[in-house]
């Protein structure tokens, strides 16, 4: 009889490991109709493997069988019927599909849960990097940062069909609106005006002290030359050192004389997924396409989740703690949010690794623990409290930043339910929606590295604050990177540059800093600059499913 049961698996190409076969035998022996139950068990096992791995693996281990049996028993108990009953069978299928998905919220540690992917130019497909990311990489990893960024931007540039590589345009007619793009390496000896694409970076200054610029691709580098009178055609764009640009001009001698520069535009998220076939796992986490489809369907019944986002939460400030207490109580009395995102810095002064500095830092989290012990509705609803370290918090001054340790945060993650110490940047998936939270003063640093002073598009004067904000949103999303700056400025860990990329575009990006708060939208991606909560009590409330963001405030009690 046992062989008959096992033939149900082997007949479909499934091989049970010894411990798995033992579990199957024990389960089926206790059933009234072992043969029919074996058929159901096989179907559920196939669904389980497909939902987690995208395919049905041929080797089935004991853990897989145990999870499937648990789902069948749970469905049978809830339906009050045999596991082979249609209603019970369908409930078990749903249970298998949604198993381990929890409440639909996944907080991604960019160090452990995010694998780097390489784009294979020959086959035009994305594959997980063979070696993975290392904390102590080889020197060639530094060069690979820009080579990978170039390949991503080049691939994205060709998606819409607006640009055609020169090698493909030779001998063929162009469609209306199409432009020929020449690689930097092919500019020399190529007469006439050309459009090229490459990384714009600052060259060493000459004896006169004049700033020099160059454009490069993975194979060649040429100096750039542009007269100040010619920059009026493009100085309404924020273009910085370390950006990838589209440059129009011509080669004169050994220099590329620029007539116009523009940034390559971002493309909507759906277009990247469909035309570039980027795996969903590029964002981070291990969910398969099938699991994400299950979560996508579940969004209709889970539309109320809200994320409360705060930056510069100084826990040594009485005023900040009072504001937090008011926010907690307000949501406690109504509907607790899905999560709070607390972005550093968590102390008003830079952290000092001294006995007194550690003591003061821990005291701030002790005060926060007292507040969080009086919000039972938050605990009951499963609200998460996610902490993202800032530039002056404990840790190495590089990107990405590791989570704050339990000792420095006074073991708040152990004592308060659903507290998560996140990385910086922190990635969160809410059902099928993707969000990125980044604490860095990148918006302020962008102006320091601009190629030419930013001007207003409507007149010759300096850019208006609104135009500056729009350009800051556009450059981050168009460059598909959270820190499109020189490496010496952003101090990125070489093998973890992929954790700062924004391709495909997520559904929302929140950047915390010292700048004024504002929000915008570009190519379907919501962008928010989260201002200092310690200054004016300003924070953002974001609903991923309903796709709206609201700027809120916590007034001071004395007012």
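Every read-out reported here was derived from the displayed coordinates using simple, explicitly stated rules and does not represent laboratory data. Please read these numbers as outputs of a predicted model, since none were measured by experiment. With ideal geometry, Cβ positions are generated from the backbone for all residues, glycine too; neighbour counts draw on all protein chains shown.
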Gain in length, residue 362 to residue 179, computed as 0.36 nm per residue apart minus the alpha-carbon separation, to one decimal in nm? 60.0 nm
Order of 493-504, 329-340 by packing, highest average Cβ count within 10 Å first? 493-504, 329-340
Rounded, prolate or oblate (a/c below 1.5 giving rounded, otherwise prolate when a/b exceeds b/c) for the range 128-265 by Cα gyration tensor: oblate
For the range 133-162 and the range 330-406, what is the separation of their C-alpha centers, rounded to whole Å? 34 Å
153, 214 arranged by Cβ crowding within 10 Å, fewest neighbours leading: 214, 153
Would you please give the FRET efficiency between residue 516 and residue 158, computed as 1/(1 + (r/R0)^6) with r the Cβ-Cβ distance and R0 = 45 Å, to the nearest 0.05? 0.75
So, with points 7 Å from each Cα along the Cβ direction, the residue 62-residue 407 label distance in nm works out to 3.8 nm
How many nm is it between the label spots at residue 460 and residue 491, if each spot is 7 Å from the Cα in line with the beta carbon? 4.2 nm
What is the helix-to-structure angle for 86-98, meaning the angle in degrees between its Cα long axis and the longest Cα principal axis of the chain, kept from 0 to 90 and rounded to the nearest 10? 40 degrees
Helix 465-478 axis, angle to the chain major axis (alpha carbon atoms, nearest 10°): 60 degrees
Report for the chain the percent antiparallel among DSSP-assigned beta bridges with both residues inside it, nearest 5. 60 percent
Counting other beta carbons within 10 Å of each Cβ, put 542, 117 in order, fewest first. 117, 542
For helix 355-372, report the angle its Cα long axis makes with the longest principal axis of the Cα atoms of the chain; keep it between 0 and 90° and round to the nearest 10°. 50 degrees
Length gain on complete extension for the stretch residue 118 to residue 352, per 0.36 nm per residue less the alpha carbon to alpha carbon distance? 80.3 nm
Could you line up 252, 445, 41 from fewest to most neighbouring Cβ atoms inside 10 Å? 252, 445, 41
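Set the Förster distance to 25 Å, then compute FRET efficiency between residue 190 and residue 147 from the Cβ-Cβ distance, nearest 0.05.
0.65
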With labels modelled as points extended 7 Å from the Cα through the Cβ direction, what inter-label distance (nm, one decimal) is found for residue 374 paired with residue 550? 2.4 nm
Beta bridges per DSSP with both ends in the range 459-559, % antiparallel, nearest 5: 70 percent
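So what is the 222 nm mean residue ellipticity for the chain from helices alone, if each DSSP H run of at least 4 adds -39500 (n - 2.57) and you divide by all residues, rounding to the nearest 500 deg cm²/dmol?
Mean residue ellipticity at 222 nm (helix-derived): -10000 deg cm²/dmol.
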Show me 59-69, 470-480 ranked by packing, highest mean number of other Cβ atoms within 10 Å first. 470-480, 59-69
